[in-house]
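The values are calculated or read from the model by the stated rules, or taken from the named source; none is laboratory data. Treat the numbers as computed from the prediction; the structure is a model and nothing was measured. In this analysis, Cβ positions are derived from the backbone assuming ideal geometry, glycine residues included, and neighbour counts consider all displayed protein chains. These area figures cover heavy atoms from the full protein model, side chains too; ligands, DNA and RNA do not enter into them. Shrake-Rupley method; radii C 1.70, N 1.55, O 1.52, S 1.80 Å.
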Amino acid sequence: MQIDLSGRSALVTGSTQGIGQAIATGLARAGARVVVNGRGEERVAEAVRTVRADSGSDDVSGATGDLATEQGAAAVVEAVPSVDILVNNLGIFGAAPALEIDDAEWRRYFEVNVLSAVRLIRAYLPGMKERGWGRVLNLASDSAVVIPAEMIHYGMTKTSLLAVSRGFAKDAAGTGVTVNSVIAGPTHTGGVEDFVRELVGEELPWDEAQREFMVKYRPQSLLQRLIEPEEIAHLVVYLASPYASATTGGAVRVDGGYVDSILP
């Protein structure tokens, strides 16, 4: 299957590293004009250079803005008025005892992980519907379904994204625009390495620390290893393509079999 996104434009939020950067690279390799997003100009510029080098495409640019705020989202939309493919990847996570998460932290997680996506969908979905083609992809997580005891606030936001995706898919019904969420499993990123170290300590070599983390904290995984960011990107690129025209309103899994369900 040869995916060709030539002539399509894409915005990937939170794409200066990790899964977001891998998705931006995958879309650029498929021929899309890609906009990388982050909060800092230097990091965005560095990510643009990396995506260009890794994808072999020069059609990669950046849009700086903190999408967790109305002002930041407005700045990004002003810089990028229209896109065909919107990938809401921006998200934060971290471990915290359930009863010690205060109101401010609950709000912060909701603003960053949920409202940032809603703001951009409101901005870009009308144009997609008018043009009769578009893709909205919201990066959720296995934590949306299997709520981790050590980060309930994070799980809550990812469950919310499933509802957001389904609801906006209904709004786009019959227009040629699809809206889906992607349930990503435990993935090997810099942030996750830090998270693993928080839980299992600094003493073990990385391979052993990763195995202990998966056995102790993610034993449901059938893959029994962390997923690589590129593996998440492969699914996102497919869902962004014309081949996925009949997939909408779904929560599509690339979780290494972590969620114990026979349904997607």
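Quick notes on this structure:
- With Cα atoms, 0 to 90° folded angle of helix 190-200 axis to the chain main axis: 20
- Partner lysines for K129 [C-alpha distance under 17 Å; skip if fewer than 8 residues away on the same chain]: K170
- Surface share of carbon and sulfur [accessible, 1.4 angstrom probe, percent] for the chain: 51
- Accessible-area rank, largest first, for H188, H153, H234: H234, H188, H153, with all protein chains present and a 1.4 angstrom probe.
- Estimated 222 nm signal from helices in the chain, with DSSP H stretches of n ≥ 4 weighted -39500 (n - 2.57), rounded to 500: -13500 deg cm²/dmol
- Mean-position separation - Cα centroids, the stretch 214-229 and the stretch 77-122, in angstrom: 25
- Cα→Cβ-extended label distance, 7 Å offset, between E230 and R197, nm: 2.4
- Per residue, the solvent-accessible area of the chain (1.4 Å probe, heavy atoms of protein chains only, all protein chains present) comes to 46 Å².
- Legend: P(r) of the stretch 182-264 from all alpha carbon pair distances, 5 Å bins from 0, whole percents, reading 3, 14, 23, 21, 16, 11, 7, 4, 2, 0.
- Acute angle (nearest 10 degrees) that the helix 229-239 long axis makes with the longest principal axis of the chain, alpha-carbon atoms: 40
- Think of the stretch 53-175 as having a plus end and a minus end, set by charges on the Cβ of Lys, Arg, Asp and Glu; of A140, V76, T175, T175 sits farthest toward the positive end of this dipole.
- Reciprocal mean inverse distance between Cα atoms of the chain - Kirkwood radius, Å: 18.5
- Taking each residue as 0.36 nm, the span from A79 to D260 lengthens on full extension beyond its C-alpha to C-alpha distance by 61.0 nm.
- W106 paired with A246, simple spin-label distance in nm, labels 7 Å along Cα-to-beta-carbon: 4.3
- Overall, the chain carries a charge dipole of about 1100 debye about its Cα centre when +1 sits on the Cβ of Lys and Arg and -1 on the Cβ of Asp and Glu, all other atoms neutral.
- Comparing Cα centroids, the stretch 1-58 and the stretch 171-207 end up 18 angstrom apart.
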